[in-house]
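Worksheet for the structure shown next.
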Amino acid sequence: EDQVTQSPEALRLQEGESSSLNCSYTVSGLRGLFWYRQDPGKGPEFLFTLYSAGEEKEKERLKATLTKKESFLHITAPKPEDSATYLCAVQERWGEQFYFGTGTSLTVIP
Amino acid sequence: NAGVTQTPKFQVLKTGQSMTLQCAQDMNHEYMSWYRQDPGMGLRLIHYSVGAGITDQGEVPNGYNVSRSTTEDFPLRLLSAAPSQTSVYFCASSRETGTGDTGELFFGEGSRLTVL
């Protein structure tokens, strides 16, 4: 049973065209939800941690939000350098393991 | 600050050979873990450790062995390599375990393994 599901699998945007990536989760109690960026041939790079519903965090053109069942990564006016795979992960309240989704591959076309 | 260092970056093995993927971190993190990443499967946890002398299995532990003799190092051993173990392996560490405020995972650059 998947704890973390990301959609869409792939997304192509024109430069400047804003959009959102979705991460839905089914853990019984959430300790933390994490967003990562992964470039080809590299390890995932940490972006955000969200702890409770209603929380929001921003970094440059990225904004992450959290509800009780899902998180969104909003990308405002993306640039080609935002092209990457974006991964979502959750950690359960009483556990130590991190559960990852399969990612959204974002391509921003100039 | 080096963060998480993995070696080797690339390795080709024949079926049945054994090898060790090395992982070291210099952030004094208690939590360390190994993942494999395969197309369409995402990152899957192999083994993890919450401190020196303590290890536990993740989602896909078969065919792999780990030990944690120091806080800094967490090697992953492939006992008898199989083609199904062809993958990209990532080591990751985090500052926090237990019931406290969680910390994010810091990843190494990955080790790409091919088993023929």
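The values are calculated or read from the model by the stated rules, or taken from the named source; none is laboratory data. Just so you know, these numbers come straight off a predicted model, no measurement behind them. No Cβ is skipped: glycine too gets one built from the backbone with ideal geometry, and neighbour counts run over all protein chains shown. Accessible surface areas use protein heavy atoms only, side chains included; no ligands, DNA or RNA. Shrake-Rupley method; radii C 1.70, N 1.55, O 1.52, S 1.80 Å.
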Check: Mind checking the mean number of beta-carbon atoms from other chains within 10 Å of the Cβ atoms in A:72-84?
Finding: 0
Next item on the list: Treating cross-link reach as a plain straight distance, find the lysines whose alpha-carbon is under 22 Å from the alpha-carbon of residue A:63, omitting any fewer than eight places away in the same chain.
Entry: A:79
Notebook entry, point to check: Solvent-accessible area per residue for the protein assembly as shown at a 1.4 Å probe radius, Å²?
Noted result: 47
Check: Among the aspartates and glutamates, which have Cα under 12 Å from the Cα of residue A:68 when same-chain residues fewer than 8 positions away are ignored?
Finding: A:55
Next item on the list: Quick one: among B:70, B:20, B:86, which has the greatest mean-square fluctuation in a GNM of chain B with alpha-carbon springs under 10 angstrom?
Entry: B:70
Next item on the list: Pull up the cross-link candidates among the lysines for residue A:69, meaning alpha carbon to alpha carbon under 19 Å and not fewer than 8 places away within one chain.
Entry: A:57
Next item on the list: Name the most mobile residue of A:95, A:41, A:54, meaning the one with the largest mean-square fluctuation, in a Gaussian network model of chain A with Cα contacts below 10 Å.
Entry: A:41
Notebook entry, point to check: Please state the relative contact order of segment B:21-60 as a whole percent: Cα pairs under 8 Å, 6+ residues apart?
Noted result: 32
Checklist line | Percentage relative contact order, chain B, counting C-alpha pairs under 8 Å, at least six apart | finding: 35
Next item on the list: Could you tell me the accessible area of residue B:77 in Å² (1.4 Å probe, neighbours in place), rounded to the nearest ten?
Entry: 80
Check: Ranked highest first by average number of other Cβ atoms within 10 Å, how do A:13-23, A:65-75 line up?
Finding: A:65-75, A:13-23
Notebook entry, point to check: Normalised by the number of residues in segment A:1-89, what is the relative contact order in percent for Cα pairs under 8 Å and 6+ residues apart?
Noted result: 34
